[in-house]
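The values are calculated or read from the model by the stated rules, or taken from the named source; none is laboratory data. All values reported here derive from a predicted model rather than from experimental measurement. Glycine gets a Cβ as well: all are built from the backbone with ideal geometry, and neighbour counts include every protein chain shown. Only protein heavy atoms, including side chains, enter the accessible area calculation; ligands, DNA and RNA are left aside. Shrake-Rupley method; radii C 1.70, N 1.55, O 1.52, S 1.80 Å.
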Protein chains: 2
Amino acid sequence: MNNTLKIIPLGGLGEIGKNMMLIEYQNEAIAIDCGVMFPREEHVGIDVIIPNFEYLRKNINLLKAVFITHGHEDHIGAVPYLLKEFNVPVYCSQLTKGLIGNKVKEHRIQGRANINLIENKQVVKIGKFEVEFFSVAHSIPDAGGFIIKTPIVNLVHTGDFKIDNHPIMNQFTDIDRLKKLSNNNDTLLLADSTYAEIPGHTQSEKIVAETIHKVIKKTTGRIIMSTFASLISRIQIAIDAAEKNNRRVFVTGTSMVNNVNMAKKLGYLKIKSSTLVNKNELKHIDQNKLIIICTGSQGEPTSVLTRMANGTHQNIEVKKNDTVILSSNPVPGNEMSVAKNIDKLFNLGANVIYNKMENVHVRGHASMEELSIIHKAIKPKYFAGIHGEMRHLYLHKELAIANGVNKNNAFVLENGDILEISKKDIKLLKKQIPAEYIYVDGKGVGDVDDAVLVNRNELARDGVIVCKIHFNNTDMSITETEVFSYGVIKDDNLNDLHNKIIDSLEDLIDNKTSKQTVLLDENSLNKHIENCVYKFTRRRPLVLALLIK
Amino acid sequence: MNNTLKIIPLGGLGEIGKNMMLIEYQNEAIAIDCGVMFPREEHVGIDVIIPNFEYLRKNINLLKAVFITHGHEDHIGAVPYLLKEFNVPVYCSQLTKGLIGNKVKEHRIQGRANINLIENKQVVKIGKFEVEFFSVAHSIPDAGGFIIKTPIVNLVHTGDFKIDNHPIMNQFTDIDRLKKLSNNNDTLLLADSTYAEIPGHTQSEKIVAETIHKVIKKTTGRIIMSTFASLISRIQIAIDAAEKNNRRVFVTGTSMVNNVNMAKKLGYLKIKSSTLVNKNELKHIDQNKLIIICTGSQGEPTSVLTRMANGTHQNIEVKKNDTVILSSNPVPGNEMSVAKNIDKLFNLGANVIYNKMENVHVRGHASMEELSIIHKAIKPKYFAGIHGEMRHLYLHKELAIANGVNKNNAFVLENGDILEISKKDIKLLKKQIPAEYIYVDGKGVGDVDDAVLVNRNELARDGVIVCKIHFNNTDMSITETEVFSYGVIKDDNLNDLHNKIIDSLEDLIDNKTSKQTVLLDENSLNKHIENCVYKFTRRRPLVLALLIK
């Protein structure tokens, strides 16, 4: 048996999303997080992307438990997919448990889910691993990282974090706990790199509280505020400001309502029962004394804010004198849909306040100065950045070296890499384990691959043309040609293009020499039609010639 | 004849790009700018988008001249398309003339192009219009705006501008000239709104010069700098820094080489002949004393920097100790491709310096304080923001009102709107002229419409399935079924899906009752196959059933 510790990232390195890290010793492994990644432009038609479990399938009894840092989708979203295949316990904090519970219900696998609470400073033993949860400040309550004692080294996995000296919900990053590790010089630090390119210190949630209180105080009309449904501290800010200014609160949008209810029940959200407005009261109360808190801060097509912006919301019509606050930043990829919503809300006469204009949002990740604080608190012997695209990981490594980590002990890892640590040394193995994207599309998990996406993108570029060519075998002539196209050219020009294709096929018949070679074979016919279309349009749609004899 | 002045935006309002503004009085009009817009995610397969010339076609002798503010694509890119249809003179500054000249050559319409110089403070008379060019600071030399005297009011069209108190190439925004208009109280200001949401004052190009000089001075290895090919002042900064640090300069990438050559010839770029390196020398000179200035700052697929990042460049291989400077910001929509390049360059071992980390780029548009300076210099009677998405136009209008414009005289216009001004009043007409997007795709100009794009996006989402079903008319049976699909599912799962479709069709035959209705009609067959595919995959590819009797 191999007496080394293996650190194997399955997701989240070289990308933002689907975070998952395996920690393996002898024949046991634990995983930290199991998230999804949202598709980008090139992932056409894909619902979500999950980590690749192939290595776990091949080593079927390896995985013993999953520890979750916090309840964001990129950390919990793939848990149901994992639990469908592997019967392992999950450990997480209270709010995270609530959020995973909802997910497990959606996937109808409650029976298989064994979800356990782990509290701040609690230690859970799994085989040779001792796993301790420590609290961090992040853009969701109950977030944490893990200190993992192993027979080889101590590990610190920070999860997503920032250092907020004035948090709204008492969510401190427990630097004092981390400092206690600094004397041993045997720690491997795996730290959040999302903001490793940003100088300085990420702003405190307090700034947002001040801005939102200020805006709500001076506003006379109705207020509509949209934010992330999981950003409970932001929702608390809006509720506090509402109560201070004698406004009532209407919460709307499925995920927002679910999260507010859960957070209230678990004691995370403090709100007077007289503050909340229900659907029936909505029309009857003074609109100038109302704050609507809703989903849609990312421009999601079916969210409340997008429907309001499109004028298609059943109950709420945005109008002059409404003030809309977007208490969020567009996640990369969502910039355009968020901008479109803002434009439409302005068109409806609303006054829109968004992040570029005022401090109505701060981010949830540590910038360079905060990362340095953590490096210096832990004084790690070994270092690898996690959670970030490649540039973030490279810059974070440089920062760790600048903060005292030996150059040979600092690593940039990619998904599928194996970092092997023995009592004597640390090395990045040459071999990798499978870590390609696993696409979820409809019912299919993994039945769409990159080649399919290439085809989809090709189809999108110029559309498709299907030609049904009836061929008379006896006198070797085309008796009839039907052309169908989709996504190629507008209706007015369709006949013209189709006629050109038919003409060019008829020319072929007149030209006796080429007839034999082209007409008898669908591939040659395809090529002929492709060339014809290219000649007239300079486009290359997918062409399908169907020869009917 | 109507004695009113009409302001008719054809492009650039409610969007970033394809700027074009008509100014019409009696039976004469001039246009300011004629640019393209680059396609966004939803404009699948489209090359560029140009303004809609339908109104000019319907009023065939209306347009008398086109005045161009500066040589960026979103201001000159559609000039060739206009000149192919309309025989009108173009007026612009020297560098702009060079850039339009290249464009006209590409389109092979030199014979038809009548391009005339207009210099700073020069006045050109076109019918009842007196058009004066005034210089502005922007991210390209020789940029300007226009002061247009008309029988009704004076107009100021700012073009794109910023106020740079320390410009690199002496490109000042001529505020003194604009101040002279302030006494008359008869000016309509049409001002750049791109940055109307950003508080403060856009930074000076001097900041970039300082950073780039600092970086180049301290760097020991080879330097590769990528920026916009039209950003001549930035190229000058790199050349100055190279010469100061005894480095030679290699310029590469088609548009970069063309622009540098032209700018040298016209006297905009100052460079010692001993500084430039040609292709043959490249391999033989000291690489540590070299700066490569290249295209690719936007992650364009065929640009030099992208090829370097992909390791597919013929002559230049990026390696350890190279320093790559991205002296640019990603234009909205290009964030991902730029980020991918940066990641790949880090992977190759290069040290990459980009905008988020250091001040290696400043933007070319006026922020709120600069806009206020212009408002207060001109003291316009009337106001409308131009160049911006809707939110920018709304915020710019609010700013103009805050700066003294009467609320009833400040407007948010959209493309196709008609703002009518008489000696007595100003009003936004209810009717609009056609201003829909005109898509250029391959050879086609306007032969792809929004419906085609919807189809392309549908195709992309789930792919296409074509079923060829041979039907025996005599005994009403299916004799053969072939299924072809593209972009639906990966190769390994293809047969399984196709078999499921064939099975479900054979089930139809066994079920005598439904056979008659479904099997005889391609539409019903289509629906049947769609349902079958959805049942197995929860996806909805385009289905084409071809019934062959």
Going through B:366, B:384 one at a time, which residue ends up being part of a strand (DSSP E or B) and away from chain A (no Cβ under 14 Å)?
B:384
Search result, residues across the stretch B:278-319 that are over 28 Å from the mean Cα position of the chain (by Cα) and part of a strand (DSSP E or B):
B:290, B:291
Residues in the stretch B:403-455 that are of a type in the set (Lys, Arg) and within 13 Å of another protein chain (Cβ to nearest Cβ): how many?
1
Among the residues listed as B:412, B:352, the single one being open to solvent by 10 Å² or more (accessible area, probe 1.4 Å) and either small (Gly, Ala, Ser) or touching a Phe, Trp or Tyr at 6+ places or on another chain (Cβ under 8 Å) (or both):
B:412
Name the residue that is nearest to residue B:535 (Cα to Cα), counting only residues in the stretch A:438-451 that are in a loop (DSSP other than H, G, I, E, B) and open to solvent by less than 80 Å² (accessible area, probe 1.4 Å).
A:442
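Per-residue answers, yes or no, for (1) modelled with pLDDT under 95; (2) within 19 Å of residue B:155 (Cα to Cα); (3) over 21 Å from the mean Cα position of the chain (by Cα):
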position: B:344; (1), (2), (3): no, no, yes
position: B:359; (1), (2), (3): yes, no, yes
position: B:383; (1), (2), (3): no, yes, yes
position: B:395; (1), (2), (3): no, no, yes
position: B:398; (1), (2), (3): no, no, yes
position: B:406; (1), (2), (3): no, yes, yes
position: B:424; (1), (2), (3): yes, yes, yes
position: B:435; (1), (2), (3): no, no, no
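Do the conditions hold for residue B:496, that is, is it assigned to a helix (DSSP H, G or I), within 14 Å of chain A (Cβ to nearest Cβ), farther than 29 Å from residue B:549 by Cβ and open to solvent by 80 Å² or more (accessible area, probe 1.4 Å)?
no
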All conditions in (1) within 11 Å of another protein chain (Cβ to nearest Cβ); (2) assigned to a loop (DSSP other than H, G, I, E, B) are true of residue B:474 except (1)
Counting only residues that are surrounded by fewer than 20 Cβ atoms within 10 Å (Cβ to Cβ), charged (D, E, K, R) and in contact (Cβ under 8 Å) with a residue 24 or more places away in the chain, the stretch B:365-409 contains a total of 4
The stretch A:110-125, subset among the β-branched types (Val, Ile, Thr) and open to solvent by 20 Å² or more (accessible area, probe 1.4 Å), residue nearest to residue A:73 (Cα to Cα):
A:115
Show the residue pairs that are 6+ apart or on different chains and have beta-carbon atoms under 7 Å apart, the first residue being within the stretch B:28-41 and within 14 Å of chain A (Cβ to nearest Cβ) and assigned to a loop (DSSP other than H, G, I, E, B), the second being open to solvent by less than 10 Å² (accessible area, probe 1.4 Å) and of a type in the set (A, V, I, L, M).
B:39/B:49
Output the residues belonging to the stretch B:415-437 that are open to solvent by 10 Å² or more (accessible area, probe 1.4 Å), outside any strand (DSSP E or B) and aliphatic (A, V, I, L, M).
B:429, B:433, B:435
Do any residues in the stretch A:58-69 that are closer than 14 Å to residue A:24 by Cα have Cβ atoms under 7 Å from those of residues that are open to solvent by 70 Å² or more (accessible area, probe 1.4 Å) and part of a loop (DSSP other than H, G, I, E, B), where the two are at least six apart or on different chains, and which pairs are they?
A:62/A:27
From the residues in the stretch B:162-188 that are within 25 Å of residue B:425 (Cβ to Cβ) and not aliphatic (A, V, I, L, M), which one is least open to solvent (accessible area, probe 1.4 Å)?
B:187
Qualifying residue in the stretch A:456-473 (condition: over 37 Å from the mean Cα position of the chain (by Cα) and surrounded by fewer than 15 Cβ atoms within 10 Å (Cβ to Cβ)):
yes
So which residues in the stretch A:314-337 are at pLDDT 95 or above and within 12 Å of chain B (Cβ to nearest Cβ), if there are any at all?
A:324, A:326
Being part of a loop (DSSP other than H, G, I, E, B), over 20 Å from residue B:330 (Cβ atoms) and open to solvent by less than 10 Å² (accessible area, probe 1.4 Å) is the filter here; which residues of the stretch B:220-234 pass it?
B:221
Suppose we filter A:79, A:131 for residues that are more than 24 Å from residue A:379 (Cα to Cα), touching a strand residue (DSSP E or B) at 6+ places or on another chain (Cβ under 7 Å) and either open to solvent by less than 10 Å² (accessible area, probe 1.4 Å) or of a type in the set (A, V, I, L, M, F, W, C) (or both); which single one remains?
A:79
Given the conditions (1) in a helix (DSSP H, G or I); (2) more than 10 Å from chain B (Cβ to nearest Cβ), which single one is not true for residue A:345?
(2)
Residue check, residue A:425 in the same structural domain as residue A:56 (by TED's automatic domain parsing), touching a residue at least 12 places away in the same chain (Cβ under 8 Å) and among the acidic types (Asp, Glu)
no
Just name the residue that is farthest from the other protein chains (Cβ to nearest Cβ) out of those in the stretch B:458-470 that are of a type outside the set (Val, Ile, Thr) and touching a helix residue (DSSP H, G or I) at 6+ places or on another chain (Cβ under 7 Å).
B:467
Single match in A:212, A:239 (criterion: buried (at least 24 other Cβ atoms within 10 Å of the Cβ) and part of a helix (DSSP H, G or I))
A:212
